[in-house]
Amino acid sequence: MTNRVFTLLYGAFSYLLFLVTFLYAVGFVGDFAVPKSMDSPAAGAWPMALLIDLGLLGLFGAQHSVMARPAFKRMFTRIVPVAAERSTYVLASSSALLFLFWQWQPLGGVIWDVRNEWGSTLLYTGFLLGWLLVLYVTFLINHFDLFGLQQVWRNLKGQPQGKVKFATPLLYRMVRHPLYVGFLTAFWCTPTMTVTHLVFALGTTAYILVAIQLEERNLIEAHPEYAEYRKRVPMLVPSLPQREETVHSVSLKHG
């Protein structure tokens, strides 16, 4: 029982760290309410700063993708309990992001600066809606399972870990990756696009495009019906949902 309680506390800590990281990320990208943001004053030579930033993005991308692969999970759960695997992934991802925030090197420079009140308001609205979409989609696909709380709670109660089913609720009938749509909207909607912000937006966009290929390969292996779903529903540009006579029961977990 002691191990189960410890696993629950471990999962709760990982989740709380995620919440802190998520809130900091909003301020970091939006350049407000945090001690160090993406566009803090530049310091040092820009070539070295650029290399550091690219390295930080690469480090996060490698951690986020490698730990999400089924082969890694099978190996990793020989070391950590199955119930704690997702919480460990969340903890590692949050730690990698916090490290990126800490070590990020602003580059300065301005690509565009929208001074028009309507244009600025529209871009700030897109920024906010992007983050809200990200949060909404996590609940759409089972927020508590996605961040490991459901697994540690089941473990505490001595229940078997349920297999997350793949479903196509609401937004998933319009676009295959609404979570990534939210991130891309939040990253690109800014009234002032600095060189630093552009590097971040380009780097995260490149990672998302690669991550989608890896995720979908694993989804097709686990759920053959995903291949047909991929033919019907666009990847990132939403379209009106098609009428279907049956509702498929499949599972989507972003990782």
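The values are calculated or read from the model by the stated rules, or taken from the named source; none is laboratory data. Computed from a predicted structure; not experimentally measured. Heads up, the Cβs are rebuilt from the backbone with ideal geometry, glycines too, and the neighbour counts pull from every protein chain shown.
Looking only at the stretch 77-88, how many residues end up being more than 17 Å from ALA222 (Cβ to Cβ), out of contact with any helix residue (DSSP H, G or I) (no Cβ under 6 Å at 6 or more places or on another chain) and in a helix (DSSP H, G or I)?
So the answer is 1.
Testing MET193 on (1) assigned to a helix (DSSP H, G or I); (2) modelled with pLDDT of 90 or more, one condition comes back false. Which one is that?
With (1) assigned to a helix (DSSP H, G or I); (2) modelled with pLDDT of 90 or more applied to MET193, the lone miss is (1).
Cβ-Cβ below 8 Å, separation at least six or inter-chain, first residue in the stretch 140-163 and more than 15 Å from TYR89 (Cα to Cα), second assigned to a loop (DSSP other than H, G, I, E, B) and polar (S, T, N, Q): which pairs?
That search, which allows pairs on different chains as well, returns ARG154/GLN161; ASN155/GLN161.
Would you say ALA92 is out of contact with any Phe, Trp or Tyr (no Cβ under 6 Å at 6 or more places or on another chain) and either surrounded by 14 or more Cβ atoms within 10 Å (Cβ to Cβ) or on the phi < 0 side of the Ramachandran plot (or both)?
The answer is yes for ALA92.
The rows are residues; the columns are (1) without any contact (Cβ under 8 Å) to a residue 12 or more places away in the chain; (2) within 30 Å of THR190 (Cα to Cα); (3) in contact with a helix residue (DSSP H, G or I) (Cβ under 9 Å, 6 or more places away or on another chain); (4) aliphatic (A, V, I, L, M).
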{"residue": "MET38", "(1), (2), (3), (4)": "no, yes, yes, yes"}
{"residue": "ALA43", "(1), (2), (3), (4)": "no, yes, yes, yes"}
{"residue": "MET48", "(1), (2), (3), (4)": "no, yes, no, yes"}
{"residue": "LEU51", "(1), (2), (3), (4)": "yes, yes, no, yes"}
{"residue": "LEU54", "(1), (2), (3), (4)": "no, yes, yes, yes"}
{"residue": "LEU59", "(1), (2), (3), (4)": "no, yes, yes, yes"}
{"residue": "SER65", "(1), (2), (3), (4)": "no, yes, yes, no"}
{"residue": "PRO70", "(1), (2), (3), (4)": "no, no, yes, no"}
{"residue": "ARG74", "(1), (2), (3), (4)": "yes, no, no, no"}
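What pairs come up if the first residue lies in the stretch 4-18 and is closer than 14 Å to VAL80 by Cβ, the second is part of a helix (DSSP H, G or I) and among the hydroxyl-bearing types (Ser, Thr, Tyr), and their beta carbons are under 7 Å apart, counting only those six or more places apart or on different chains?
Short answer, once both residue conditions are applied: TYR10/SER87; GLY11/SER87; SER14/SER87.
Please go through the stretch 100-115 and give me each residue that is within 22 Å of ASP53 (Cα to Cα), hydrophobic (A, V, I, L, M, F, W, C) and either over 16 Å from the mean Cα position of the chain (by Cα) or part of a loop (DSSP other than H, G, I, E, B) (or both), ordered by number.
Residues satisfying the conditions are TRP102, TRP104, LEU107, VAL110, ILE111, TRP112.
Criterion first (touching a Leu at 6+ places or on another chain (Cβ under 8 Å) and modelled with pLDDT of 95 or more) does PHE99 satisfy it?
yes
Considering the stretch 56-76 alone, what residues qualify as being part of a helix (DSSP H, G or I), under 29 Å from ALA201 (Cα atoms) and aliphatic (A, V, I, L, M)?
Within the stretch 56-76, LEU56, LEU57, LEU59, ALA62, VAL66 meet the criteria.
List every residue pair whose Cβ atoms lie under 9 Å apart, where the two residues are 6 or more positions apart in sequence or sit on different chains, the first residue falls within the stretch 76-89 and is within 14 Å of PHE147 (Cα to Cα) and in contact (Cβ under 8 Å) with a residue 24 or more places away in the chain, and the second residue, located anywhere, is β-branched (Val, Ile, Thr) and not in a loop (DSSP other than H, G, I, E, B).
Within 9 Å, the pairs are ALA83/THR7; ALA83/VAL152; ALA84/THR7; ALA84/VAL152; ARG86/VAL152; SER87/THR7; SER87/VAL152.
How about the stretch 116-171: which helices (runs of 4 or more DSSP H) wholly inside it have at least 1 residues that are under 19 Å from LEU236 (Cβ atoms)?
117-140
Given the criterion touching a helix residue (DSSP H, G or I) at 6+ places or on another chain (Cβ under 7 Å), closer than 25 Å to ALA211 by Cβ and at pLDDT 90 or above, identify the matching residue among VAL114, VAL137, VAL164.
Answer to the check: VAL137.
Out of LEU19, LEU56, which single residue is at pLDDT 95 or above and surrounded by fewer than 15 Cβ atoms within 10 Å (Cβ to Cβ)?
Among LEU19, LEU56, only LEU19 is at pLDDT 95 or above and surrounded by fewer than 15 Cβ atoms within 10 Å (Cβ to Cβ).
Go over the candidates VAL210, VAL237, VAL199 one by one and state the one that is closer than 19 Å to ARG69 by Cα, of a type in the set (A, V, I, L, M, F, W, C) and either at pLDDT 90 or above or outside any helix (DSSP H, G or I) (or both).
That would be VAL210, the only listed residue that is closer than 19 Å to ARG69 by Cα, of a type in the set (A, V, I, L, M, F, W, C) and either at pLDDT 90 or above or outside any helix (DSSP H, G or I) (or both).
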